[in-house]
Amino acid sequence: MTMTENAGRILIVDDVPDEMVILVTHLRREGYVVDFAQDEATAKRALKTARYDVAIVDALLQSDTQRMLEAILATEGVSKGAPAQGFSLTAWMRAYQPEVGIIMLTGPMTQADHVFMGLEAGADDYVFKKGLNLKVFAARIRALVRRCRPFDVDKIAQATFDLYLKPQKIVSRTGGIAYLTDAEFMTLKLLCVNRNRVVSREDILAYAPIEAQHKQRNRAVDTLVSKLRDKLKQIGIADPPIRTLRGKGYLLEDVTALEPVG
């Protein structure tokens, strides 16, 4: 089934672009806007300038330097694979753009622990390149887009308040309203989409536009979260649901959610 125009936007990250030609062509015929990145740095720049519905990441992504090192070692009779960047990039994507759906692609020789590492890093799905069925793969993407699209609505509902995207504000169940700065909004959004899960200060710094000197960045996050708690109190929430986990980060507690804490 061919999808209508503007089915969604996809970022494909693979260091062997020739392998992706057929996939890119098929997805564009399905109606997706498809961007391509050949390395981690290019992928990060893309995520910083656009919002994607789905990112497809090569688990064994390598830089030119890594491939060169591997080739040199091979000529010397040393068989040692260079560390792949796909896992670290996936973890960064999950922190920077939490709502993006992530599918990891890998070759036929991938071990079970690689699948585990990919899912733990934040991937939603793991697919093998060998024998890839384009029709089934497109269906997986559509399902992932459907799960991610709730973040396109005007608000994100929580137990005691709603976070509105336009304009950036929070509204309590009793009608209290407080408007948010860009940094406050992005931080609260990150906590909301990861509700009942710990979000580290590093995750917040990677996602929200917080300006501070390097040595003061963690303190800047703490100050920002304190301001969010104050605004939640201003709209009538006596016990703001943002919890501090010493040495770990912050957690937005939502007792109505079915997700486990931690």
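Worth pointing out:
- If the condition is being closer than 24 Å to residue 167 by Cβ, modelled with pLDDT of 85 or more and touching a strand residue (DSSP E or B) at 6+ places or on another chain (Cβ under 8 Å), then region 178-221 contributes 178, 179, 180, 185, 188, 189, 190, 191, 192, 199, 204.
- Residues that are surrounded by fewer than 19 Cβ atoms within 10 Å (Cβ to Cβ), touching a Lys or Arg at 6+ places or on another chain (Cβ under 9 Å) and among the hydrophobic types (A, V, I, L, M, F, W, C), drawn from region 179-209: 198, 205
- First in region 120-133 and free of Cβ contacts under 8 Å to residues at least 60 places away in the same chain and part of a loop (DSSP other than H, G, I, E, B), second anywhere and crowded, with 18+ Cβ neighbours inside 10 Å and of a type in the set (Lys, Arg), Cβ under 6 Å, 6 or more apart: 122/94
- Some residue of region 159-169 being crowded, with 18+ Cβ neighbours inside 10 Å and either of a type in the set (S, T, N, Q) or under 18 Å from residue 96 (Cα atoms) (or both): yes
- Taking every residue in region 162-187 that is closer than 18 Å to residue 222 by Cβ and pairing it with any residue that is surrounded by fewer than 18 Cβ atoms within 10 Å (Cβ to Cβ) and modelled with pLDDT of 90 or more, at least 6 positions away or on another chain, the pairs with Cβ-Cβ distances below 7 Å are 180/168; 184/227; 185/168.
- Of residues in region 80-119 being among the polar types (S, T, N, Q) and in contact with an Asp or Glu (Cβ under 9 Å, 6 or more places away or on another chain), the one modelled with the highest pLDDT: 88
- Residues in region 222-253 that are surrounded by 16 or more Cβ atoms within 10 Å (Cβ to Cβ) and more than 22 Å from residue 164 (Cα to Cα): 249 alone.
- Of all residues in region 12-41, those that are in the same structural domain as residue 101 (by TED's automatic domain parsing) and closer than 16 Å to residue 133 by Cβ have Cβ atoms under 7 Å from Cβ atoms of residues that are in a loop (DSSP other than H, G, I, E, B) and among the hydroxyl-bearing types (Ser, Thr, Tyr), 6 or more apart or on another chain, in 29/2; 30/2.
The values are calculated or read from the model by the stated rules, or taken from the named source; none is laboratory data. All values reported here derive from a predicted model rather than from experimental measurement. Backbone-built Cβ (ideal geometry, glycine too); neighbour counts: all protein chains shown.
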